[in-house]
Ligand SMILES: [Zn+2]
């Protein structure tokens, strides 16, 4: 099957995040099997989803990893003009959910399998396909955890998110939290015997806002559309009636950090303000008071050195020899990079079409990616240079 036929097959699996991706993973496994390639699965905790990992070629040298997520965003509420899970060909475009984000890339990798399996590779090619990327790189985190035990890890990583085949070296990181503030309720005529959870939550939010103002001045990177780290509170919920001091308040916030900025330090500062400034005050009036942080999602930023090996390698195989601007969306690249896999983002299709109705990838983009994979296989056969 060529990449277009494979893309049609991949699109037909509804792998919306949080749904099972196992049918698609089975399909991939069988395909690898057909070429005599062993693969291993790293399942989700409840075994309803899985990451797939495989190595083609020698297993005692680093090599290059091709990585993509198998999940897609929902089509609910979107105005599609055709069945999103049936690939439609419209002249030069291939339409369907996941066409560019990012089943197109996976299809090109799969189309290269016969060639990968037939050649004696000196440098191994690793395949890493994850689940639940779209809801915060959930699957890849489990995959990366299991990879820490590998004796030999991939040296380079190509993450095929849609960049119009430009080589993208940077994106921001992100962490998000749900904060639950617990106080003590009482009649609002007697507020001194209660602890107002909404007001303490408001103090914490004001603190986060103050940090936003400070950090914005401290570190600026004009290569990003929003050139600084941002803080954002997206929802808040607390209290029942005006004449009752509210017992509970819950809000969610996120930080999207420039990769050069120490995210842990920022989170620590917020937690510290809650635990060492607000909480003692609350507990002096009601010992059962609490401020609890639940991490909802996390992925690190990516900040790849333009002089690094992964750029030189990708340059040599990519028909589009362009370094793209840093992107605003997150990817799994930062996670892999944190494992010591020198990574960049490069894949077919544009992020402009991702997550939208009538998502598409152009045939031309798919062909460019096919060429890149073919060139990679040649290179891995001829040289052991990035082993
Ligand atoms: Zn994606």
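The values are calculated or read from the model by the stated rules, or taken from the named source; none is laboratory data. Everything numeric here is computed off the predicted structure, so don't read it as measured data. Cβ: placed from backbone, ideal geometry, glycine included. Neighbour counts: every protein chain shown.
Please tell me if residue 312 is without any contact (Cβ under 8 Å) to a residue 40 or more places away in the chain, at negative phi and away from the ligand (no atom under 15 Å from the Cβ).
yes
Keeping to the range 64-82, report how many residues are buried (at least 18 other Cβ atoms within 10 Å of the Cβ) and more than 16 Å from the ligand (Cβ to nearest atom).
Residues in the range 64-82 being buried (at least 18 other Cβ atoms within 10 Å of the Cβ) and more than 16 Å from the ligand (Cβ to nearest atom): 2 in total.
Is it the case that the range 334-342 has a residue that's away from the ligand (no atom under 16 Å from the Cβ) and in a helix (DSSP H, G or I)?
yes
Go over the candidates 294, 281, 276, 264 one by one and state the one that is out of contact with any helix residue (DSSP H, G or I) (no Cβ under 7 Å at 6 or more places or on another chain) and closer than 25 Å to residue 187 by Cα.
Answer to the selection: 281.
Failed condition for residue 294, given (1) touching a strand residue (DSSP E or B) at 6+ places or on another chain (Cβ under 6 Å); (2) surrounded by 21 or more Cβ atoms within 10 Å (Cβ to Cβ), with all others met?
Residue 294 satisfies every listed condition except (2).
Criterion first (buried (at least 16 other Cβ atoms within 10 Å of the Cβ), away from the ligand (no atom under 16 Å from the Cβ), in contact (Cβ under 8 Å) with a residue 60 or more places away in the chain and farther than 16 Å from residue 159 by Cα) does residue 85 satisfy it?
yes
Please go through the range 224-239 and give me each residue that is over 20 Å from residue 269 (Cβ atoms), in contact (Cβ under 8 Å) with a residue 40 or more places away in the chain and surrounded by 11 or more Cβ atoms within 10 Å (Cβ to Cβ), ordered by number.
Scanning the range 224-239 gives 224, 226, 238, 239.
Only one residue in 179, 152 is assigned to a strand (DSSP E or B) and at negative phi, so which one is that?
179
Based on this model, can you work out whether residue 183 counts as assigned by TED's automatic domain parsing to the domain that holds residue 307, crowded, with 22+ Cβ neighbours inside 10 Å and in contact (Cβ under 8 Å) with a residue 24 or more places away in the chain?
When the stated conditions are applied, residue 183 does not pass them.
Give the range 14-30 a look and list any residue that's surrounded by fewer than 22 Cβ atoms within 10 Å (Cβ to Cβ) and assigned to a loop (DSSP other than H, G, I, E, B), or say none.
The answer is 14, 17, 18, 19, 20.
Against the condition within 16 Å of the ligand (Cβ to nearest atom), in contact (Cβ under 8 Å) with a residue 12 or more places away in the chain and either crowded, with 22+ Cβ neighbours inside 10 Å or in a helix (DSSP H, G or I) (or both), how does residue 143 come out, does it pass?
Here the answer is yes, as residue 143 does meet what is asked.
Please tell me if residue 307 is free of Cβ contacts under 8 Å to residues at least 60 places away in the same chain, part of a loop (DSSP other than H, G, I, E, B) and either closer than 22 Å to residue 141 by Cβ or more than 16 Å from the ligand (Cβ to nearest atom) (or both).
For residue 307, the condition - free of Cβ contacts under 8 Å to residues at least 60 places away in the same chain, part of a loop (DSSP other than H, G, I, E, B) and either closer than 22 Å to residue 141 by Cβ or more than 16 Å from the ligand (Cβ to nearest atom) (or both) - is met.
From the residues in the range 343-386 that are surrounded by fewer than 24 Cβ atoms within 10 Å (Cβ to Cβ) and part of a strand (DSSP E or B), which one is nearest to the ligand (Cβ to nearest atom)?
So the residue we want is 360.
Considering (1) away from the ligand (no atom under 12 Å from the Cβ); (2) buried (at least 21 other Cβ atoms within 10 Å of the Cβ); (3) over 23 Å from residue 18 (Cβ atoms), say which one residue 128 fails and leave the rest.
Among (1) away from the ligand (no atom under 12 Å from the Cβ); (2) buried (at least 21 other Cβ atoms within 10 Å of the Cβ); (3) over 23 Å from residue 18 (Cβ atoms), residue 128 violates only (3).
Please work out if residue 158 is under 30 Å from residue 371 (Cβ atoms), within 16 Å of the ligand (Cβ to nearest atom), in the same structural domain as residue 336 (by TED's automatic domain parsing) and assigned to a helix (DSSP H, G or I).
no
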